[in-house]
Amino acid sequence: MQIIRTISEIRAVLDEQRAAGNSVGFVPTMGYLHDGHVSLIRASVEANARTVVSVFVNPLQFAEGEDLEDYPRDLDADVAYCRGAGADFVFAPSVEEMYPSPVDTVVSCPGVAAPLEGEHRPSHFAGVATVVAKLFSIVGPCRAYFGAKDWQQVAVVTRMAADLSMPVEVVPCPIVRESDGLAMSSRNVYLTAEERAQAPLLRRALDAGLSAVADGERDPAAVEAAMSEVLAGASLGTVDYAAAVPAHSLVADGSLAGEVRLLVAVKFSKARLIDNDGCVAD
Ligand code: AMP
């Protein structure tokens, strides 16, 4: 496995691979890898001749006052995870390599990025879409693997790739969880022991929402109330939202019908946790 630091070098090696007839799978990450990331790398290794993992904490997607400086980093451990999962290349550029001068070009998806996370982190998805567009431009034609853990992010990236005719197939992958249901996240290390004990309530809230829909509830407000009731038990956190929405528009539109996504976000003292699950209301 090769560790590559520059845009010109990763471009050259991936162009060479494609010229030799090898398909490329791409897993973009911010590092501090865990088994959720590993599942994406394995999915890519299974479906592609070569897999590249990027490790880059992208300043553009952090707002003023968010955790950019504190974001956990451990490149040596990340390299070991990538090697163990069968990756061929790790692309780990510096901030100076990615942004040698202030960025003036911004990619935004004001529709799909607006609700939910967009309301609580207004500049976040423009930062994500911009860096992912840049990474897609660097990596070139590929399949790109994203976790359903960040459901709205998958929607934004899929829409961007389609709207801009990028030569990339976005592949969503299932959420990997701890044994008590907490979705794995690099930010879980921020949780205090007491907060960690309450964190599985996000999963339990989603279960309550799923049960309500399974029992025939079609009023989004009633499903949201069922989730909020469970989240009220997370006394150390503040609920940003508990939403029951159409899975692809993410905006409530009368009674629930067809593919539904339940999404929750809870802010603890330092860690802001998000989670989601889906079902069909027919
Ligand atoms: P991050 O490093 O947090 O930016 O995440 C990089 C990629 O890993 C994103 O596509 C995430 O959705 C995905 N990911 C993070 N946590 C999980 C998880 N628990 N299960 C599946 N995918 C995940």
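The values are calculated or read from the model by the stated rules, or taken from the named source; none is laboratory data. Quick caveat, the model's predicted, so the values are computed rather than measured. Note: ideal-geometry Cβ built from the backbone for every residue, glycine included; neighbour counts use all protein chains shown.
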Hits in segment 1-44 (condition: of a type in the set (D, E) and in contact (Cβ under 8 Å) with a residue 12 or more places away in the chain): D15, D35
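Quick one: how many residues across segment 85-111 are under 14 Å from L164 (Cβ atoms) and either within 18 Å of the chain's Cα centre (by Cα) or surrounded by 19 or more Cβ atoms within 10 Å (Cβ to Cβ) (or both)? Write out each step before concluding.
Step one: filter segment 85-111 for residues under 14 Å from L164 (Cβ atoms), giving 105-109.
Checking the rest, the ones that are also either within 18 Å of the chain's Cα centre (by Cα) or surrounded by 19 or more Cβ atoms within 10 Å (Cβ to Cβ) (or both) come to 107-109.
The number of residues fulfilling the criteria is 3.
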Test result for V45, touching a Gly at 6+ places or on another chain (Cβ under 7 Å), within 23 Å of P174 (Cβ to Cβ) and among the β-branched types (V, I, T): yes
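Per-residue answers, yes or no, for (1) touching a helix residue (DSSP H, G or I) at 6+ places or on another chain (Cβ under 8 Å); (2) farther than 15 Å from S249 by Cα; (3) modelled with pLDDT of 95 or more:
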| residue | (1), (2), (3) |
| --- | --- |
| P100 | no, yes, yes |
| A113 | yes, no, yes |
| H124 | yes, yes, yes |
| A133 | yes, yes, yes |
| I138 | yes, yes, yes |
| A155 | no, no, yes |
| R159 | no, no, yes |
| D163 | no, yes, yes |
| L182 | yes, yes, yes |
Filter result (closer than 17 Å to E194 by Cα and touching a residue at least 60 places away in the same chain (Cβ under 8 Å)) within segment 217-244: none
Check on V52, among the hydrophobic types (A, V, I, L, M, F, W, C), within 11 Å of the ligand (Cβ to nearest atom) and under 15 Å from A144 (Cβ atoms): no
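Taking segment 145-161 as the region of interest, how many residues are more than 9 Å from the ligand (Cβ to nearest atom) and in contact (Cβ under 8 Å) with a residue 60 or more places away in the chain?
To start, the set of residues in segment 145-161 that are more than 9 Å from the ligand (Cβ to nearest atom) comprises 152, 155-156, 158-161.
Filter once more, so that each one left must be in contact (Cβ under 8 Å) with a residue 60 or more places away in the chain: 152, 155.
Total meeting the criteria: 2.
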Scope segment 137-177; condition more than 20 Å from V107 (Cα to Cα) and in contact with a Pro (Cβ under 8 Å, 6 or more places away or on another chain); matching residues: G147, A148
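Applying the selection to segment 3-30, what residues are under 12 Å from S54 (Cα atoms) and not in a helix (DSSP H, G or I)?
Taking segment 3-30 as the starting set, the residues that turn out to be under 12 Å from S54 (Cα atoms) are 3-7, 10, 25-30.
Of everything in segment 3-30, those that are under 12 Å from S54 (Cα atoms) and not in a helix (DSSP H, G or I) turn out to be I3, I4, R5, T6, G25, F26, V27, P28, T29, M30.
Looking at segment 12-67, which of the residues that are charged (D, E, K, R) and under 30 Å from R121 (Cβ atoms) is surrounded by the fewest Cβ atoms within 10 Å (Cβ to Cβ)? Write out each step before concluding.
Quick first cut of segment 12-67, residues charged (D, E, K, R) only: 15-16, 18, 35, 42, 46, 50, 64, 66-67.
Those still in the list that are under 30 Å from R121 (Cβ atoms) too: 35, 42, 64, 66-67.
Values: D35: 13, R42: 19, E64: 6, E66: 14, D67: 14.
My answer is E64.
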Within segment 31-128, helices (runs of 4 or more DSSP H) holding 3 or more residues that are touching a Ser or Thr at 6+ places or on another chain (Cβ under 8 Å): 35-47
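Mind listing whichever residues of segment 96-113 are within 23 Å of V156 (Cα to Cα) and of a type outside the set (S, T, Y)?
The initial filter retains those residues of segment 96-113 that are within 23 Å of V156 (Cα to Cα), namely 98-99, 103-113.
Residues satisfying the conditions are M98, V103, D104, V106, V107, C109, P110, G111, V112, A113.
Determine whether S137 is outside the structural domain of Q17 (by TED's automatic domain parsing), more than 12 Å from the ligand (Cβ to nearest atom) and hydroxyl-bearing (S, T, Y).
Details: outside the structural domain of Q17 (by TED's automatic domain parsing): no; more than 12 Å from the ligand (Cβ to nearest atom): yes; hydroxyl-bearing (S, T, Y): yes.
No, not satisfied.
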Residue satisfying condition, being part of a strand (DSSP E or B) and within 14 Å of the chain's Cα centre (by Cα), within set V170, V156: V170
Number of positions in segment 162-186 that are more than 7 Å from the ligand (Cβ to nearest atom) and touching a strand residue (DSSP E or B) at 6+ places or on another chain (Cβ under 7 Å): 5
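How many residues, within segment 30-49, are among the small types (G, A, S), more than 7 Å from the ligand (Cβ to nearest atom) and under 13 Å from Y145 (Cβ atoms)? Lay out the reasoning, then the answer.
If we filter segment 30-49 for residues that are among the small types (G, A, S), which is where we start, we get 31, 36, 39, 43-44, 47, 49.
Retained after the next criterion (residues that are more than 7 Å from the ligand (Cβ to nearest atom)): 43-44, 47, 49.
When the remaining residues are screened for being under 13 Å from Y145 (Cβ atoms), the result is 43-44, 47.
Adding up the residues that qualify gives 3.
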